[in-house]
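Taking it in order: structure first as structure tokens, then the write-up.
What follows draws every value from the coordinates through simple rules; no lab data is involved. No experiment lies behind these values; they were computed from the predicted model shown. FYI the Cβ positions are ideal-geometry reconstructions off the backbone, even for glycines, and counts take in every protein chain you see.
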Amino acid sequence: MNAIDPRMHQALDGELDWDAVPAELRRTVARLTAAAELLAAPPPGLVPSVERRVMAEIRRPAPSRARLLMRWFVTPRAIIFRVRPAWSLAFAVVAAAVTLFTVGDQGPELAEHEGIAQFVGRFPEAQSVHVVGTFNDWRPGSIALKDQDHDGVWRATVVLPAGTYEYMFVVDGERWVPDHLAERLVADDFGRENSIVIVRPARR
């Protein structure tokens with residue numbers, strides 16, 4: 001790289017008068033000066049100054065209500081729902097009421113060859129009551145009765161295929177008791193009596 005004559009630097013910085021620049025360097029200094037002026041001048045179409053842009057923004061007419069409304073609709077927003085504890089409890093009560101009302105009115109969905117078996121037993125001192133029978137392979141604990149009113153009367157409603165079944169109550173997980181209010185009783189192979197329930201199809 002060729003070293004630049006220091007007198008050119010002095011001329012460009014204004015430290016050296018133009019007349020003091022040798023004739024062979026004046027043309028080069030003139031070209032450099034013209035290039036610097038060209039770079040300093042703003043190109044055509046340049047963004048106007050800050051002042052002019054601010055004034056133009058002030059003079060711009062305000063958007064109409066329709067445009068503001070459209071802008072509000074198209075702008076994404078995060079929506080947060082906050083439910084107070086009291087309202088949560090109210091919603092839960094309403095949902096439970098609707099569920100009970102629907103089940104009570106329509107009842108369970110039954111297939112063509114299914115029916116409903118009602119099991120009711122009076123056991124005032126019992127802590128738990130289950131029903132076992134040929135419909136659940138005599139498995140204790142699979143179908144529980146409930147004492148909703150705490151009056152000692154335990155009830156359960158079971159959907160079963162139509163047919164005749166033997167069953168017994170299991171009280172507190174230990175005592176096997178027949179239902180003496182059943183349609184009839186039948187002796188089993190262990191010297192006890194099993195109750196009989198006949199499930200008839202709900203649809204005929």
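Listed from fewest to most Cβ neighbours within 10 Å, the set Ser128, Ser142 follows the order Ser142, Ser128. Computed from backbone phi with θ = phi - 60° and the Karplus coefficients 6.51, -1.76 and 1.60, the 3J(HN,Hα) list for region 147-155 is 9, 5, 8, 6, 10, x, 9, 9, 9 Hz; x is used for glycine and proline. Couplings 3J(HN,Hα) of region 170-186, computed from phi: 10, 9, 6, x, 10, 8, 9, 10, x, 8, 6, 8, 5, 4, 6, 10, 9 Hz, in residue order, whole Hz [Karplus 6.51 cos²θ - 1.76 cosθ + 1.60, θ = phi - 60°; x for Gly and Pro]. Annotation: amide H-H contacts under 5 Å for Ser128 (H modelled 1.01 Å from N, sequence separation of 5 or more, or interchain): Asp172.
Once you sort the root eigenvalues of the Cα gyration tensor of region 110-199 as a ≥ b ≥ c, which label holds: rounded (a/c under 1.5), prolate (a/b larger than b/c) or oblate (the other case)?
Cα axes put region 110-199 in the oblate bin.
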